Amino acid sequence: MIPAGGTERGFTLMEVLVALVLLSLFAVLAYRALDAVLEAQQRAGGEIQRWRALAMAFGRLEADLSAAVHHFDPQDPARGALRVQVFPEGGLQFDLLRLLREDANPAVVRVGYRCRDRGLSRLIWPDANNPGMPPRETTLLEDLDACTIRFMDNSGQWLDIWPAQVMNPLPLAVELFLIRADGIPLRRVWRVR
């Protein structure tokens with residue numbers, strides 16, 4: 001339909017260009033907002049995974065330490081107790097005997113934990129009576145700036161090394177101190193059975 005003045009009215013080139021510029025700005029702003037949301041979601045997902053790994057590692061340590069037992073062997077009194085090994089290049093490992101469920105065969109297993117190479121690993125020996133065999137190692141935590149383990153004796157003192165003792169084969173508690181790669185320090189203490 002032609003207006004009363006007799007000419008058709010349409011969009012000018014300037015109006016079309018302004019509309020395109022505004023549409024482009026809205027598209028860029030929407031893209032940046034979506035990108036920020038997706039990046040935040042990815043960071044949150046990574047953080048959730050790190051905390052989940054910590055919770056699983058702490059849960060395993062708690063289960064192993066709460067089921068720790070001392071098996072006395074008169075020919076080798078230190079064999080059934082908690083044993084500690086310090087590595088020359090840094091790091092520490094401890095292992096102990098752990099009681100399994102009643103229906104498990106064998107009834108005890110030798111388990112250990114190793115703080116070394118910026119990580120925390122869990123060790124399981126195939127034969128509890130032969131700790132000289134190499135253990136199966138499972139990495140629990142990676143990318144740690146620090147990882148230390150200490151042991152509480154009967155007087156309440158924290159020791160960096162647990163001496164093999166016949167009278168007190170197991171410590172009262174074990175402390176794990178970690179510093180994550182992002183600088184967050186974590187300290188947990190578990191009572192030993």
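Restrict the check to segment 117-135 and report whether at least one residue is closer than 21 Å to residue 51 by Cα and at pLDDT below 90. Working first, answer last.
Residues of segment 117-135 closer than 21 Å to residue 51 by Cα: 117-122.
Those left that are additionally at pLDDT below 90: 117.
Within segment 117-135 (the criterion being closer than 21 Å to residue 51 by Cα and at pLDDT below 90), the answer is yes, since at least one residue qualifies.
The set of residues in segment 152-169 being touching a Leu at 6+ places or on another chain (Cβ under 8 Å) and over 17 Å from residue 92 (Cβ atoms) consists of 154, 156, 169. For residue 153, the conditions (1) over 21 Å from residue 114 (Cβ atoms); (2) exposed (fewer than 12 other Cβ atoms within 10 Å of the Cβ); (3) acidic (Asp, Glu) are fulfilled apart from (2).
If you go through segment 119-136 and keep only what is in a strand (DSSP E or B) and loosely packed, with under 13 Cβ neighbours inside 10 Å, you end up with just 136. Here residue 106 meets the list (1) in a loop (DSSP other than H, G, I, E, B); (2) modelled with pLDDT of 85 or more almost entirely, failing just condition (2). Here residue 137 meets each of (1) farther than 15 Å from residue 191 by Cβ; (2) out of contact with any strand residue (DSSP E or B) (no Cβ under 9 Å at 6 or more places or on another chain) with one exception, condition (2).
Say we look at segment 137-150 and pick out the residues that are surrounded by 14 or more Cβ atoms within 10 Å (Cβ to Cβ) and among the β-branched types (Val, Ile, Thr); which of these is nearest to residue 116 (Cα to Cα)? Of everything passing the filter in segment 137-150, 148 is nearest to residue 116 (Cα to Cα).
What residue, of 33, 53, is in contact with a Leu (Cβ under 7 Å, 6 or more places away or on another chain) and among the small types (Gly, Ala, Ser)? Steps first, please.
Numbers: 33 fails: in contact with a Leu (Cβ under 7 Å, 6 or more places away or on another chain).
Answer to the selection: 53.
The values are calculated or read from the model by the stated rules, or taken from the named source; none is laboratory data. Please read these numbers as outputs of a predicted model, since none were measured by experiment. All Cβ positions, even for glycine, are placed from backbone atoms using ideal geometry, and neighbour counts span all protein chains on display.
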